Amino acid sequence: MNSWFSPLLYLSASSSEGDLRRHIEFLKAENEMLRRRVPKQRIFLDKGERERLMKLGKAIGPGVLKLIKIVHPRTHQRLYQWQRDVKPAKRMGRTKTVESVRQLVIRIARETGWGYGRIVGELRKLRIHCVGRTTVRTILKEEGVNPSPKRGKGTWDEFVKIHADTLWQVDFFSKKVVTKTGLKQAFVLAFLHV
């Protein structure tokens with residue numbers, strides 16, 4: 001019974017292998033045609049799709065590198081490596097500003113009315129170098145404090161009225177003057193209280 005059963009089994013296995021090979025060639029050709037019509041050069045896979053590719057690729061073995069078309073074969077190898085060396089994700093971005101520095105920025109802004117540039121300068125005098133202009137501005141905006149300095153009234157006339165007691169006008173000029181000894185250069189410095 002073994003003598004006639006083995007060739008029959010081999011014949012059925014080889015025909016199904018040929019069918020599978022033709023199916024794979026058809027699917028590869030179809031995949032290439034679809035990829036040519038996709039407007040994006042790069043396709044981004046979500047986590048579920050990546051895991052599915054990894055699971056199916058493991059079943060195929062090293063031959064998957066000849067079949068894979070959706071990502072570069074090297075990318076597929078990196079996915080395997082990433083799956084083996086799963087480490088906790090590294091936090092990206094800057095560290096948060098210390099709460100005490102944050103409170104100091106808000107206190108300086110509220111008590112003095114200074115803008116964020118001057119506040120940064122004052123923090124540097126206190127040897128606090130971990131805070132930049134953008135960070136101070138963001139902190140002030142989050143707290144509802146205007147990050148620009150408080151300025152006086154907008155018109156020149158109002159400025160003059162506010163500072164009239166301390167405002168002086170100064171002028172300097174020279175003039176040739178006739179004296180008993182002849183023409184001399186006279187220098188005049190004039191102060192006028194507004």
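For every residue, the table says whether it meets (1) closer than 30 Å to L53 by Cβ; (2) over 22 Å from the mean Cα position of the chain (by Cα); (3) assigned to a loop (DSSP other than H, G, I, E, B); (4) outside the structural domain of R36 (by TED's automatic domain parsing).
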{"site": "K66", "(1), (2), (3), (4)": "yes, yes, no, no"}
{"site": "R94", "(1), (2), (3), (4)": "no, no, yes, yes"}
{"site": "L104", "(1), (2), (3), (4)": "no, yes, no, yes"}
{"site": "R107", "(1), (2), (3), (4)": "no, yes, no, yes"}
{"site": "L123", "(1), (2), (3), (4)": "no, yes, no, yes"}
{"site": "C130", "(1), (2), (3), (4)": "no, no, yes, yes"}
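On the stretch given as region 70-121, residues that are aromatic (F, W, Y) and closer than 30 Å to E143 by Cβ total 2. The set of residues in region 132-146 that are surrounded by fewer than 12 Cβ atoms within 10 Å (Cβ to Cβ) and part of a helix (DSSP H, G or I) comprises T134, E142. Is it fair to say H72 is free of Cβ contacts under 8 Å to residues at least 12 places away in the same chain, farther than 26 Å from S148 by Cβ and either surrounded by 10 or more Cβ atoms within 10 Å (Cβ to Cβ) or among the basic types (K, R) (or both)? Taking the combined requirement at face value, the residue satisfies it. Among the residues of region 30-49, those that are at pLDDT below 80, surrounded by 11 or more Cβ atoms within 10 Å (Cβ to Cβ) and assigned to a helix (DSSP H, G or I) comprise N31, R35.
Please tell me if F159 is modelled with pLDDT of 85 or more and closer than 30 Å to F191 by Cβ. It is false that F159 is modelled with pLDDT of 85 or more and closer than 30 Å to F191 by Cβ. Is there a residue in region 106-119 that is in contact with a Ser or Thr (Cβ under 7 Å, 6 or more places away or on another chain) and surrounded by 12 or more Cβ atoms within 10 Å (Cβ to Cβ)? Scanning region 106-119 turns up at least one residue that is in contact with a Ser or Thr (Cβ under 7 Å, 6 or more places away or on another chain) and surrounded by 12 or more Cβ atoms within 10 Å (Cβ to Cβ). Whenever a residue of region 118-142 is within 12 Å of R102 (Cα to Cα), its partners that are in a helix (DSSP H, G or I) and of a type in the set (F, W, Y), lying with C-beta atoms within less than 8 angstrom and at least six residues away or across chains, give the pairs V136/Y116; R137/Y116; L140/Y116. Filtered by the rule that a residue be free of Cβ contacts under 8 Å to residues at least 24 places away in the same chain and either surrounded by 10 or more Cβ atoms within 10 Å (Cβ to Cβ) or touching a helix residue (DSSP H, G or I) at 6+ places or on another chain (Cβ under 6 Å) (or both), region 153-173 gives K153, E158, F159, K161, I162, H163. Looking across T95, T135, one residue alone is modelled with pLDDT under 85 and among the hydroxyl-bearing types (S, T, Y). It is T95.
The values are calculated or read from the model by the stated rules, or taken from the named source; none is laboratory data. What you see is a predicted model; the values in this text were computed from it and never measured. Here the Cβ is made from the backbone with ideal geometry for all residues, glycine too, and neighbour counts use every protein chain on show.
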